[in-house]
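Chemist: I'd like to ask some things about the structure below.
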Amino acid sequence: MNDPVVKVWNLPQGKLQQQVNTRGYVLSLAVSKDNQNLYIGSLGGVKIWDLRQQKFIQSWAAHSLGVEVIALSADGKLIVTGGMDRQELSTIWMVKVWDAQSLKLLKTLPGYSSSLNSLTITPDSQTIIFNDCCSTNLWNWMNDKYISDVDGLKHDAVLSPDGANLIGAASDRQTITIKNLNSLLPSNSNQ
């Protein structure tokens, strides 16, 4: 968080490809599926870095305070952010869904009192999966419907590369739980 430089590595070669000076805190990162854009969550916004041209191309104020987590839909059409926003006299954690082209806000999920520490979106782009301090939550953002809190998955949930399983840590932070995603979703949310 205190280092404003993001380093991009070529993993097979083990070589540093480029360094991005964000000129601010780095709270979260996401990379587009085509490896062209790097999304950098910071205090109050998201910056988009073009990895090929090696320059900032856009930024926007996604949250009034820090953007703690970012996820991109598999089709590249949605950006989902989680962070802190000021509301009246308090601060609340929010999850927001954005159109990736226009950066127009499409949906804000109800706020949470605790921090958000992981965020992903299902391959069909309909369900957002996020962790607050103590639970994994599934929300169909298109139908504005909370689906469930996943039993046995309390921390840092991620989808398997094929999108078939949800994997996360149990409350003891020592046990890994794997759940079939289709078993967690109502049949109408998979369409």
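All of the numbers you see were taken from the coordinates with simple rules; none came from a lab. Note that the structure is predicted; figures quoted are calculated from it, not measured. For neighbour counting, all protein chains shown are included, and Cβ atoms are generated from backbone atoms with ideal geometry for every residue, glycine included.
Chemist: Is it possible to state the helix-based mean residue ellipticity at 222 nm for the chain, with each DSSP H run of 4+ residues giving -39500 (n - 2.57), the sum divided by total residues, to the nearest 500 deg cm²/dmol? What is it?
Modeler: My calculation for the chain gives -500 deg cm²/dmol from helical runs alone.
Chemist: Treating only the Cβ atoms of Lys and Arg (+1) and Asp and Glu (-1) as charged, compute the dipole magnitude of the chain about its Cα centre; round to the nearest 20 debye.
Modeler: Using Cβ point charges on Lys, Arg, Asp and Glu, the chain gives about 560 debye.
Chemist: Between Gln174 and Glu88, what is the label-to-label distance in nm when each label sits 7 Å out along the Cα-to-Cβ direction?
Modeler: Output for this residue pair reads 4.4 nm.
Chemist: Taking Lys55 as the anchor, which lysines have their alpha carbon closer than 17 Å to its alpha carbon, excluding any fewer than eight residues away along the same chain?
Modeler: Lys7, Lys47
Chemist: So if each residue of separation counts as 0.36 nm, and I subtract the Cα-Cα distance between Asn182 and Ser148, what length gain in nm does that give?
Modeler: 11.0 nm
Chemist: Highest mean first, what order results for 139-149, 62-72 on Cβ atoms within 10 Å?
Modeler: Taking the mean over residues of other Cβ atoms within 10 Å, the ranking is 62-72, 139-149.
Chemist: In segment 1-116, if the dipole is taken from +1 on Lys/Arg beta carbons and -1 on Asp/Glu beta carbons about the Cα centre, which of Ser42, Leu11, Thr81 is farthest to the positive end?
Modeler: So the residue we want is Leu11.
Chemist: Continuing with this model, one more query. Please give the contour-minus-distance gain from Asn117 to Gln54: 0.36 nm per residue of separation, less the Cα-Cα distance, rounded to one decimal in nm.
Modeler: Going from the current span to full extension adds 19.8 nm.
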